[in-house]
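Asks: Attaching a single structure in structure tokens format; questions to follow.
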Ligand SMILES: N[C@@H](CCC(=O)N[C@@H](CS)C(=O)NCC(=O)O)C(=O)O
């Protein structure tokens, strides 16, 4: 029996992807919380030894690390074929393209795919968490970040205390585009994104939609503009794995920051997002 230890953070897209895969496959594991922006624990030497890119998640299998979330998901799927209940049911171009689109690929730019947009729309919260630390500590730690293009981004965000001007507005356009693409993809009328069976693509999409909800873009889910997404969200967020892998692992660090940003209301950029969605939908019709 393998000994699995998962290193992750509660409100992290890629950690949620992996926890969801573990929950769907009913595989037990030990868990180590690695705090990110609020403390910079992922940038310390002991974690860097496990994951030179200094990002979460990492899974150790009998002490040996596997670093990319998608590789971890593929590994456990292969190790636990589960009588054919597979998260990666085939290796077709169609399935791999969908995974690429939904995966948080740190080599791509923010907003390029739905997967990288999840990070982009989180920047206001990340900025507030970074601001809990003195600027020079952030500067010292992030110049050693294992993903080159993230070094400057985090330092600038800490300096400004929020997203650089224009960036969040741009993210609203990207998010609108990816939501409409997903809405159209779901026109196939099947229960899950890749068809009748739950797959790894559903782990990724559930987590992205959770991020959209968590960032308080509530209108997306009201069933008016994007009915297929609404229906899909209802299906995946009522599966036991959603609470087990996502809600039960929240650190509690995000909620006060979201309250400070938006009170008890919706994201202040909701109208801009909705406007973008409507423009894209109108152009299509
Ligand atoms: N491609 C990587 C991306 C992992 C990633 O970007 N993790 C984020 C949290 S979702 C992280 O560690 N952020 C902290 C940082 O970059 O400093 C994977 O899927 O494992």
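The values are calculated or read from the model by the stated rules, or taken from the named source; none is laboratory data. Model, not experiment: these values are computed from the prediction. In this analysis, Cβ positions are derived from the backbone assuming ideal geometry, glycine residues included, and neighbour counts consider all displayed protein chains.
Asks: Being within 22 Å of residue 251 (Cβ to Cβ) and assigned to a helix (DSSP H, G or I), is that true of even one residue in the stretch 53-64?
Replies: no
Asks: May I ask you to list pairs of residues, at least six apart or on different chains, whose Cβ atoms are under 8 Å apart, with the first in the stretch 141-168 being under 17 Å from residue 35 (Cα atoms) and the second being more than 12 Å from the ligand (Cβ to nearest atom)?
Replies: As it stands, the answer is 146/52; 158/127; 158/131; 158/133; 158/135; 158/139, since those pairs meet every condition given.
For (1) over 19 Å from the mean Cα position of the chain (by Cα); (2) away from the ligand (no atom under 12 Å from the Cβ); (3) more than 24 Å from residue 115 (Cα to Cα), each residue gets a yes or a no:
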site: 17; (1), (2), (3): no, no, no
site: 36; (1), (2), (3): no, no, no
site: 39; (1), (2), (3): yes, no, yes
site: 43; (1), (2), (3): yes, no, no
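Asks: What pairs come up if the first residue lies in the stretch 54-67 and is on the phi > 0 side of the Ramachandran plot, the second is part of a strand (DSSP E or B), and their beta carbons are under 9 Å apart, counting only those six or more places apart or on different chains?
Replies: These pairs meet every condition: 62/4; 63/5.
Asks: Residue 48 passes all but one of (1) in contact with a strand residue (DSSP E or B) (Cβ under 9 Å, 6 or more places away or on another chain); (2) within 20 Å of residue 150 (Cα to Cα); (3) in a helix (DSSP H, G or I); (4) within 15 Å of the ligand (Cβ to nearest atom); which number fails?
Replies: With (1) in contact with a strand residue (DSSP E or B) (Cβ under 9 Å, 6 or more places away or on another chain); (2) within 20 Å of residue 150 (Cα to Cα); (3) in a helix (DSSP H, G or I); (4) within 15 Å of the ligand (Cβ to nearest atom) applied to residue 48, the lone miss is (1).
Asks: Only one of 32, 2, 96 is outside any helix (DSSP H, G or I), at pLDDT 95 or above and more than 12 Å from the ligand (Cβ to nearest atom). Can you tell me which?
Replies: Result: 32 is the single residue among 32, 2, 96 that is outside any helix (DSSP H, G or I), at pLDDT 95 or above and more than 12 Å from the ligand (Cβ to nearest atom).
Asks: Would you mention how many residues in the stretch 68-90 are without any contact (Cβ under 8 Å) to a residue 12 or more places away in the chain, closer than 17 Å to residue 102 by Cα and away from the ligand (no atom under 16 Å from the Cβ)?
Replies: 1
Asks: Among the residues of the stretch 42-49, is any surrounded by fewer than 16 Cβ atoms within 10 Å (Cβ to Cβ) and within 23 Å of residue 213 (Cα to Cα)?
Replies: no
Every residue, every condition in (1) touching a strand residue (DSSP E or B) at 6+ places or on another chain (Cβ under 6 Å); (2) surrounded by 14 or more Cβ atoms within 10 Å (Cβ to Cβ); (3) under 25 Å from residue 255 (Cβ atoms); (4) not assigned by TED's automatic domain parsing to the domain that holds residue 102, yes or no:
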residue	(1), (2), (3), (4)
134	no, no, yes, no
140	no, no, no, no
150	no, yes, yes, no
162	no, yes, yes, no
168	no, yes, yes, no
172	no, yes, yes, no
177	no, yes, no, no
